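A.B. asks: Below is a structure I'd like to ask you about.
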Amino acid sequence: MMDTIGFLGCGNMGGAIARAVCKAVDPKKVFLANRTAAKAQALAKELGCKTATNAEVAGDCDLIFLAVKPQMMEALLEPLRFTLDERPSRFVLCSMAAGLSIARIQELAGEDFPVIRIMPNTPASVGEGMIQYCSSNVTAEEEEAFLRIMAPAGRLDAVPESLIDAASCVSGCGPAWVYQFIEALADGGVACGLPRAKAQEYAAQMVLGSAKLVLESGKHPGELKDAVCSPGGSTIQGVRVLEEHGLRGAVMDAVIASYNKTKEMGKG
């Protein structure tokens, strides 16, 4: 069950998941296909995988990751409909395209094939991803196998499909905003005299440790924030400035803007 794994697309997100998957299974059982063959070849060389054509992945692999952008999904699946329909063995499609429902993936693939829909993020490549998933026509055994294969990518959480777009706009889009925050923190450190490399290291490790404390303590972020803010101290002055500049409102607006765009893509 799920002995062979294929990737249709080897971009940033497909590559991140492939790196994680190759920690759970024999890389020789992972097949990479990409519109630009050189990209698949480079990743296969890095991971010890094999390259293949789209048709070979669609015809032979037990678990098929559809790792292309939403607007490219129809062009990817339309030529593969016959191949998928004629397969004698069972297989599972796994989509990571934002905004495209399971029903839409099945429509584009031509039948109600088993589908797992995931919303991963790029930290999956270092084993610290947050991946929400939902599924249709997938057996309990297949889901168990899928979770085992994906375990090296990070945390996985089953959610109703009605919530997966909102989830993706927090953890899927969120890394970009966190990188902006880390960069801004480092810029501030440089402005205060720190060397760039040290400022970036301090900012990144601080974010990593703070996130781990939220997850492991179970405390509300506001409570943890208060614990850092001594009366009359320097931290509360920084908090005051961030509040004056609308940090929380801006972050909330970013999530909502991403959510609205995701819903718009799903209608396309």
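A.B. asks: For n ≥ 4 DSSP H runs only, could you compute -39500 (n - 2.57) per run for the chain, divide by its residues and tell me the 222 nm figure to the nearest 500?
C.D. replies: -16500 deg cm²/dmol
A.B. asks: Now for a different question. So how compact is region 227-268: Cα radius of gyration and Dmax in angstrom?
C.D. replies: Every Cα atom of region 227-268 included, Rg and Dmax give 16.5, 53 Å.
A.B. asks: Right, another one. Give the peptides 202-210, 16-24, 117-125 in descending order of average Cβ contacts within 10 Å, highest first.
C.D. replies: So the order, starting with the most tightly packed, is 117-125, 16-24, 202-210.
A.B. asks: Further question on the same structure: In region 11-144, how does Rg compare with the Kirkwood Rh, expressed as the Rg/Rh ratio over alpha carbon atoms?
C.D. replies: For region 11-144, the value is 0.93.
A.B. asks: Continuing with the same structure: Compute the orientation-averaged projected area for region 171-268 from the convex hull of its Cα atoms and round it to one decimal in nm².
C.D. replies: 8.1
A.B. asks: Kindly provide the Kirkwood hydrodynamic radius of region 120-170 in Å, to one decimal, from all pairs of distinct alpha carbon atoms.
C.D. replies: The answer is 11.4 Å.
A.B. asks: Note the angle between two axes, namely the Cα long axis of helix 37-47 and the longest principal axis of the Cα atoms of the chain, as a number of degrees from 0 to 90, rounded to the nearest 10.
C.D. replies: That helix lies at roughly 70 degrees to the long axis.
A.B. asks: Right, here's the next one. Over all Cα pairs of region 193-237, how is the pair count split among 5 Å bins, expressed in % and running from 0 up to the last occupied bin?
C.D. replies: Cα pair-distance distribution for region 193-237, in percent: 5, 19, 18, 20, 22, 13, 3, 0.
A.B. asks: Run through region 187-253 and list the trypsin sites (Lys or Arg not before Pro) located in a DSSP loop whose Cβ has at most 16 other Cβ atoms within 10 Å.
C.D. replies: K219
A.B. asks: Another question about this same structure. Expressed as a rounded percentage, what relative contact order does the chain have, with Cα pairs under 8 Å and six or more residues apart?
C.D. replies: 16
A.B. asks: Quick one: how many Å² of E128 are accessible to a 1.4 Å probe, rounded to 10?
C.D. replies: Ignoring ligands and nucleic acids, E128 comes out at about 130 Å².
A.B. asks: How large are Rg and Dmax for region 1-77 when only the alpha carbon atoms are used, in Å?
C.D. replies: 11.1, 32
A.B. asks: At each listed q (0.13 Å⁻¹), what is the log10 of I(q)/I(0) that the Debye formula gives for the chain modelled as equal alpha-carbon point scatterers?
C.D. replies: -0.90
A.B. asks: Write down the percent of antiparallel bridges among all DSSP beta bridges whose residues are both part of the chain, to the nearest 5.
C.D. replies: That works out to approximately 20 percent antiparallel.
A.B. asks: Quick check: from the Cα gyration tensor, does region 154-193 come out rounded (a/c under 1.5), prolate or oblate?
C.D. replies: Prolate.
A.B. asks: Over all Cα pairs of region 78-195, how is the pair count split among 10 Å bins, expressed in % and running from 0 up to the last occupied bin?
C.D. replies: Once binned at 10 Å, the Cα pair distances of region 78-195 give 12, 35, 28, 14, 7, 4, 0.
A.B. asks: Among the aspartates and glutamates, which fall within straight-line cross-link reach of K50, defined as a Cα-Cα distance under 12 Å, with same-chain neighbours fewer than 8 residues apart omitted?
C.D. replies: Result set, ordered by chain and number: D26.
A.B. asks: Helix 247-267: angle to the longest alpha-carbon principal axis of the chain, degrees 0 to 90, nearest 10?
C.D. replies: Compared with the principal axis, the helix lies near 20 degrees.
A.B. asks: Here are some pairs, K29/K69; K23/K69; K29/K198; K39/K261; K28/K69; K198/K225; which of them have Cα atoms lying more than 30 Å apart in this structure?
C.D. replies: K29/K198
A.B. asks: Just the number please: accessible area per residue for region 97-219, 1.4 Å probe, all protein chains included, in Å².
C.D. replies: Normalised by residue count, the accessible surface of region 97-219 is 51 Å².
A.B. asks: Tally Lys and Arg at +1 and Asp and Glu at -1 over the other residues with C-beta under 14 Å from the C-beta of A186: what net charge comes out?
C.D. replies: Taking every Cβ under 14 Å from that of A186, the sum is -1.
A.B. asks: Something else about it: Taking the DSSP beta bridges in region 7-158 as the whole, what percent of them are antiparallel, to the nearest 5?
C.D. replies: 20
A.B. asks: Per 0.36 nm of contour for each residue apart, how much would the distance between T83 and V228 grow if the chain were fully extended, relative to their Cα-Cα spacing?
C.D. replies: 46.3 nm
A.B. asks: How far, in nm, would the chain grow between V241 and A211 when pulled straight, counting 0.36 nm per residue and subtracting the alpha carbon separation?
C.D. replies: Stretched out fully, the V241 to A211 stretch lengthens by 8.6 nm.
The values are calculated or read from the model by the stated rules, or taken from the named source; none is laboratory data. The shown structure was predicted, so the numbers you read here are calculated from the model rather than taken from an experiment. Neighbour counts run over all protein chains shown; Cβ positions are idealised from the backbone, glycine included. The protein model used for the area step is the full one, side chains on, heavy atoms only, and it has no ligands, DNA or RNA in it. Shrake-Rupley method; radii C 1.70, N 1.55, O 1.52, S 1.80 Å.
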